[in-house]
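> What follows is a structure written as structure tokens; I'll ask about it next.
The values are calculated or read from the model by the stated rules, or taken from the named source; none is laboratory data. Note that the structure is a prediction, hence the values are computed from the model and not measured. Counting neighbours? That spans all protein chains shown, and the Cβs are built from the backbone with ideal geometry, glycine included. Ligands, DNA and RNA are stripped out before the accessible areas are found, and what is left, the full protein with its side chains, is counted by its heavy atoms. Shrake-Rupley method; radii C 1.70, N 1.55, O 1.52, S 1.80 Å.
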Amino acid sequence: GGSLAAQIAAKNAAHPVMVYSKSWCPYCLRVKGLLGELGVDAKVVELDHVIEGDEVQDTLLSITGVRTVPQVFVGGEFLGGCDDTLGAHQGGQLVPLLEGAGAL
């Protein structure tokens, strides 16, 4: 588990916006749609499309305390899920976060 956690942390640090998602999840689709509308080129990992998806999701739980998807990281920091991301956007915090991470 430790090496997977390190890989996830490295991936989160390497990409301004990381989204851990499942391709069929309506909440994931909303977040990916919002990021697309904002012009963010997010790096998305579809957990249902990768062999180690379950292990990645278990490791994310140990990192973030959350098992559900989507899990959105901006600038290497855990932003949250769908409600958190949409709430940050509605509250005017998302765009400055994205700009600060170099995603916009």
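> Starting from residues that are touching a residue at least 60 places away in the same chain (Cβ under 8 Å) and not charged (D, E, K, R), keep the ones in the range 35-77 and report whichever is surrounded by the most Cβ atoms within 10 Å (Cβ to Cβ).
The extreme case among them is PHE73.
> Continuing with this model, one more query. Collect the residues in the range 20-34 that are outside any strand (DSSP E or B) and either open to solvent by 20 Å² or more (accessible area, probe 1.4 Å) or small (Gly, Ala, Ser) (or both), keeping them in residue-number order.
The answer is LYS22, SER23, TRP24, PRO26, TYR27, LEU29, ARG30, LYS32, GLY33.
> Take the range 50-104 and flag every residue that is within 14 Å of TYR27 (Cβ to Cβ) and not in a helix (DSSP H, G or I).
Passing the criteria: VAL66, ARG67, THR68, VAL69, PRO70, GLN71, VAL72, LEU79, GLY80, GLY81.
> Determine, yes or no, whether ALA6 is small (Gly, Ala, Ser) and either touching a Lys or Arg at 6+ places or on another chain (Cβ under 6 Å) or surrounded by 12 or more Cβ atoms within 10 Å (Cβ to Cβ) (or both).
Spelling it out, it is not the case that ALA6 is small (Gly, Ala, Ser) and either touching a Lys or Arg at 6+ places or on another chain (Cβ under 6 Å) or surrounded by 12 or more Cβ atoms within 10 Å (Cβ to Cβ) (or both).
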